[in-house]
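So the structure is just underneath, and the comments pick up after that.
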Amino acid sequence: MIKSAPTDYRFTAPRSLGAVFGRLKNTGPLFWIMPAGLCVLLIFGYSIIDLVQQSFKYQGDWVGFENFNLVLTDPLFQTAIFHNFLLLFTVPILATLSFLCAVLLFETRKGMKFYRSAVFLPYILPIPVVGVVFGQLLQLNGALNSALRAMGFESLALDWLGDPGQALWTMSAIIIWKEVGFGTILILARLISLPLETLEAARIDGAGFFRLHLQVTLPQLRSVILFYIINEAIVMVSWVFNYVYVMTNGQGGPGNATVVSELYIYRSAFQNKAPELAATAALLLLMATLIFIVGFFRIQSKANKGALDE
């Protein structure tokens, strides 16, 4: 009897193909986002590189840090930065009002959709429309002061946008009115997603309205509120140009009472014909914004680590 030689059949191709398909599955999302990522990199990457180069030059000649020295010692730029710093004080007010509105909407069973829409409506209005409307309402002889005088409150009829001591705070109130809707909806969405069993257990244990939401609800909303605070801080540093430009006709008046860093950049580039100084101020503003972003991620990482440790 002739014995046949033993044969060992090993099919390695399917295993190799499986590994290949596994790698493609893991890297598949990268191929989908690559076109958009390349567009963002080319557009913004080139702009940032050009911005950095221009901030170190004057009429094509390399001047080192001379532009930075001129900008940082410019009294108008210092005033603009100080105004942005003052606007940061509106951030805790926004966070507090957003939390209170979200809690009230959460506890309101009847008509919550209507109230939620009414609170969010100012946020979706275009900033130029808001600026024009409030610019007319808050004039010295505008609708608000006329109504106050008609009701006998003559002492409250102030020059809201014409008084240098009032203009910036008036603008801050308008920004709060517009931005609080975003925070309210953001916090409310997280509040609705919380497990109701925790809230019901706290109510059964005798927790009242304030104790329930301050000791039970608020800690669970920490990450959302932190995100909103960082987002609004970035808005106050680098996103209030439209308000100032529309309500002061691009002047930052009265005087320089409402000049902010963005308006300083605009005036340097287009009114004073100093694009190098504008580029330098824009680079400083970009660095400040990046500091807020990096700080947010660091704080969020520590918060998540602390939550896992608990």
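When 104, 86 are checked against the criterion of being modelled with pLDDT under 95, outside any loop (DSSP other than H, G, I, E, B) and touching a Leu at 6+ places or on another chain (Cβ under 9 Å), 86 stands alone in meeting it. Picking from residues in segment 51-103 that are surrounded by 15 or more Cβ atoms within 10 Å (Cβ to Cβ) and charged (D, E, K, R), the one that is farthest from residue 190 (Cα to Cα) is 57. Only one entry in 134, 65, 77 is free of Cβ contacts under 8 Å to residues at least 40 places away in the same chain and of a type outside the set (Ser, Thr, Tyr), namely 65. Which residue pairs have Cβ atoms closer than 7 Å, lie 6 or more positions apart in sequence or on different chains, and pair a first residue in segment 103-115 that is under 24 Å from residue 215 (Cβ atoms) with a second residue that is in a helix (DSSP H, G or I) and charged (D, E, K, R)? If the second residue must be in a helix (DSSP H, G or I) and charged (D, E, K, R), the pairs left are 105/116. Pairs meeting the criteria (first residue in segment 162-181 and farther than 15 Å from residue 92 by Cα, second residue of a type in the set (Asp, Glu), beta carbons under 8 Å, at least 6 apart or on different chains) are 166/159.
In segment 186-202, what count of residues is obtained for those that are out of contact with any Leu (no Cβ under 9 Å at 6 or more places or on another chain) and assigned to a helix (DSSP H, G or I)?
Step one: of segment 186-202, the residues out of contact with any Leu (no Cβ under 9 Å at 6 or more places or on another chain) are 186, 189, 192-193, 195-198, 200-201.
Then keep just the ones that are assigned to a helix (DSSP H, G or I); that gives 186, 189, 192, 196-198, 200-201.
The qualifying residues number 8.
The values are calculated or read from the model by the stated rules, or taken from the named source; none is laboratory data. The model shown is predicted, which means the values in this text are computed figures rather than measured ones. Reconstructed Cβ throughout: ideal geometry from the backbone, glycine too, with neighbour counts over all protein chains shown.
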